[in-house]
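Single-structure report; data block below.
The values are calculated or read from the model by the stated rules, or taken from the named source; none is laboratory data. Bear in mind that the values here come from a model prediction, so they are computed numbers and not experimental data. When we count neighbours, we look across all protein chains shown, and the Cβ atoms used for this are built from the backbone with ideal geometry, even at glycine. When the accessible area is computed, the model is the full protein with side chains, heavy atoms only, and any ligands, DNA or RNA have been set aside. Shrake-Rupley method; radii C 1.70, N 1.55, O 1.52, S 1.80 Å.
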Amino acid sequence: MALQTETSIKEIIGKAKEAETDNDLEQAASLYEEARKADPANEYPYDRLMIIYRKLKKYRAELRVINEGIKFFEASHAKRLKELFGKHRKITEISNALMKRTGLQDRRGNLYYPEPIGRWRKRKETLEKKFKK
């Protein structure tokens, strides 16, 4: 069943790309929303939705997609880290020391997240500046 779902997601994204090529941005956005809900771990629909909503000047919708994407990807990253280091205290201590030394964690213990989170946070800041003006 997972293979069938993966195929249907690819089909949805293919249709969305066609709609985008035909300049039917509303239809493309609808299809990308569907793909995003079906496979939230796929960053491509998030990226395309952000671009489409910006073109349509639907900044609140773009901000919603950015926030949902950041929330999902941060949670999955934290889950992976917990699975790796959560059970073993000594490994966690050594890992934290290593991350601080290599610059992957600041003095307060804040992690630097992998892409696409950094790119999306930057986009969010830009969008929030538009709202302030």
- Item | trypsin sites (Lys or Arg not before Pro) restricted to segment 1-80 and DSSP loop, no more than 11 other C-beta within 10 Å | Lys57
- Item | segment 18-75: radius of gyration over Cα atoms, expressed as a fraction of 2.2 N^0.38 Å | 1.06
- Message: For Leu98, Leu56, Leu127, Leu31, give me the order by solvent-accessible area with a 1.4 Å probe, most accessible first, ignoring ligands, DNA and RNA.
- Response: Leu98, Leu56, Leu31, Leu127
- State which entries of Lys10/Lys58; Lys55/Lys100; Lys37/Lys122; Lys82/Lys129; Lys17/Lys124 exceed 32 angstrom in Cα-Cα distance in the structure shown. Lys55/Lys100; Lys82/Lys129
- Task: Take every Cα pair under 8 Å in the chain that's 6+ residues apart, average their separations, divide by the length, and report that relative contact order as a whole percent.
- Result: 17 percent
- Measure nothing fancy, just the Cα-based angle from helix 59-85's long axis to the longest principal axis of the chain, in degrees from 0 to 90, nearest 10. 30 degrees
- Item | Whole-Å semi-axes of segment 45-99's equivalent ellipsoid (Cα gyration tensor) | 36, 9, 7
- Considering only Phe131, Ile52, Ile94, whose Cα is most displaced toward the positive end of the charge dipole of the chain, charges sitting on Cβ of Lys, Arg (+1) and Asp, Glu (-1)? Ile94
- With runs of 4+ DSSP H residues as the only contributors, calculate the mean residue ellipticity of the chain at 222 nm using -39,500 (n - 2.57) per run, divided by the residue total and rounded to the nearest 500. -26500 deg cm²/dmol
- Task: Would you mind estimating how fast segment 1-103 diffuses translationally, via Stokes-Einstein at 37 °C and 0.692 mPa s with the Kirkwood radius over Cα pairs, in µm²/s?
- Result: 209 µm²/s
- Accessible-area composition of the chain, carbon plus sulfur, in percent [1.4 Å probe]: 53 percent
